[in-house]
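*Asks:* This structure is in structure tokens; I'll ask about it shortly.
The values are calculated or read from the model by the stated rules, or taken from the named source; none is laboratory data. Computed from a prediction, not measured in an experiment: that's the story for all the values here. In this analysis, Cβ positions are derived from the backbone assuming ideal geometry, glycine residues included, and neighbour counts consider all displayed protein chains. Just the protein is used for accessible areas: all its heavy atoms, side chains included, with ligands, DNA and RNA removed. Shrake-Rupley method; radii C 1.70, N 1.55, O 1.52, S 1.80 Å.
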Amino acid sequence: MAALEIVRIPVLSDNYVWLVHESESGATMVVDPAVADPVLAAATERGWTITDIWNTHWHPDHTGGNAAIKEATGCTITGPAAEAARIPTLDITVTGGDTVRLGNHVAAVWDVPAHTAGHIAYHFADDGAIFVGDTLFAMGCGRLFEGTAEQMFANMQRLAELDDATRVYCAHEYTLSNARFAVTVEPDNSALAKRLAAVETARSAGDATVPTTIGEERATNPFLRANSATELGRIRALKDAA
Ligand SMILES: [Zn+2]
């Protein structure tokens, strides 16, 4: 099975849209298109036609490009059943435990409520890749807009069980801010101090810092490393106030 080709498209101030191409079938999927034009251009540039959009949650900076991409390509839009009323462009609704196909590659749908009530993630186990939307970030996690610390803690626990090498495709470049906050939570974590320095270098050169990996997050992410929902909630509140 050929590897998925995954292209990062930076849009708006700090969003990443992911373009995913499956070469055997020719299927091309977009995760969370905030906007349409740069995504259509990135596909055209590569000679790919977008066949699918997969949304992780309803926020406009994850769904704003749905209608225009569908109009341009006739693609099929898949997203969380629990948020169908807030994503009127959905063709197919899915929920945790369902599977979604991109050509010969299969992704399992995870329910990861907390940032939004119906937030889902897409896990390509055979490819070692997971698209998490605004649930897990490099050294951070999503804000708890529609859910609880208990839910986010359960999400973190589940993600932490994946193989270290699993690549985590999140939807924002928040890494530097997250790293600067994380070192205040874990001042004695040497892996974290080292990662902050690497991220500072990367960002001053204008380089992206995602995808990240589960192994890196297990070593440096205070939210993934929290021992309880209470601890996660306390750290989240501190970050919100920072
Ligand atoms: Zn969001």
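*Asks:* Using alpha carbons only, what's the Rg to Rh ratio of segment 110-232 with Rh from Kirkwood?
*Replies:* 0.94
*Asks:* Place the peptides 187-194, 25-32, 67-74 in order of packing, highest mean first, counting for every residue the other Cβ atoms within 10 Å and averaging per peptide.
*Replies:* Answer by packing, highest mean first, reads 25-32, 67-74, 187-194.
*Asks:* Label point 7 Å out from residue 76 along Cα-to-Cβ: which residues of segment 96-115 have amide N under 14 Å?
*Replies:* 99-107
*Asks:* Extension gain residue 24-residue 145, at 0.36 nm per residue separation less the Cα-Cα distance, in nm? Please list the in-between numbers first.
*Replies:* Working: separation 121, 0.36 × 121 = 43.56 nm, distance 3.93 nm.
The residue 24-residue 145 span can extend by a further 39.6 nm.
*Asks:* Using Cα pairs closer than 8 Å and at least 6 residues apart in sequence, work out the relative contact order for the chain, in percent.
*Replies:* 14 percent
*Asks:* Sticking with this structure for a sec: Under a plain spin-label model, where a point goes 7 Å from the Cα along Cα-to-Cβ, how far apart in nm are residue 158 and residue 191?
*Replies:* Roughly 2.3 nm, to one decimal.
*Asks:* While we're looking at this one, here's another question. Tell me the angle of helix 175-185 to the major Cα principal axis of the chain, expressed in degrees between 0 and 90 and rounded to the nearest ten.
*Replies:* 30 degrees
*Asks:* Between segment 35-99 and segment 112-147, what is the C-alpha centre distance in whole Å?
*Replies:* Here the two parts' Cα centres lie 17 Å apart.
*Asks:* Okay, next question. Compute for the chain: radius of gyration divided by Kirkwood radius, i.e. Rg/Rh, restricted to C-alpha atoms, rounded to two decimals.
*Replies:* So for the chain, dividing Rg by the Kirkwood Rh gives 0.96.
*Asks:* Here is a follow-up. Rounded to the nearest 20 Debye, what is the dipole magnitude of the chain about its Cα centre when Lys and Arg each give +1 and Asp and Glu each give -1 at the C-beta?
*Replies:* 500 debye
*Asks:* Can you give me the distance in nm between label points at residue 37 and residue 117, each placed 7 Å from the Cα along the Cα-to-Cβ direction?
*Replies:* Label-label distance for residue 37 and residue 117, simple model: 3.6 nm.
*Asks:* Also, quick follow-up: Can you quote the Å³ per residue value for the convex hull of the Cα atoms in segment 48-104, rounded to an integer?
*Replies:* Enclosed volume per residue, from the Cα hull, is 80 Å³.
*Asks:* Within 10 Å, count the other beta carbons around each residue, average over each peptide in 8-19, 166-177, and list them highest first. Spell out each step's value before the answer.
*Replies:* Values: 8-19: 17.2, 166-177: 21.7.
By packing density, highest mean first, the sequence is 166-177, 8-19.
*Asks:* A further question on this structure: Rounded to the nearest 500, what is the chain's calculated 222 nm mean residue ellipticity when only DSSP H runs of at least 4 contribute -39500 (n - 2.57) each, over all residues?
*Replies:* For the chain, the value works out to -9500 deg cm²/dmol.
*Asks:* Okay, next question. Residue 228 to residue 5: FRET efficiency via 1/(1 + (r/R0)^6), r the Cβ-Cβ distance, R0 25 Å, to the nearest 0.05? Walk me through the numbers before you get to the answer.
*Replies:* Working: r = 40 Å, r/R0 = 1.58.
That gives a FRET efficiency of 0.05.
*Asks:* Let me ask something else. Students sometimes get this wrong: rank 164, 37 by accessible area, probe 1.4 Å, all chains present, largest first. It would help to have the intermediate numbers written out before the result.
*Replies:* Numbers: 164 80, 37 120 Å².
Of 164, 37, the descending order of accessible area is 37, 164.
*Asks:* Send over the semi-axes of segment 65-172's equivalent ellipsoid, whole angstrom and largest first, taken as the square roots of 5 times the C-alpha gyration tensor eigenvalues.
*Replies:* Three semi-axes, in Å: 23, 18, 12.
*Asks:* Follow-up question, since we're still on this one. For a protection proxy built on the mean count of beta-carbon atoms within 10 angstrom, sort 115-124, 153-162, 41-50 highest first, please.
*Replies:* Working: 115-124: 24.3, 153-162: 18.4, 41-50: 15.6.
Most protected by this proxy first, the peptides run 115-124, 153-162, 41-50.
*Asks:* Right, here's the next one. Output wanted: per-residue J couplings in Hz (rounded whole) for segment 104-117, from phi through Karplus 6.51 cos²θ - 1.76 cosθ + 1.60, θ = phi - 60°, x for Gly and Pro.
*Replies:* 8, 9, 10, 10, 8, 8, 10, 7, 10, x, 2, 4, 10, 5
*Asks:* Something else: Set the Förster distance to 41 Å, then compute FRET efficiency between residue 207 and residue 85 from the Cβ-Cβ distance, nearest 0.05.
*Replies:* 0.60
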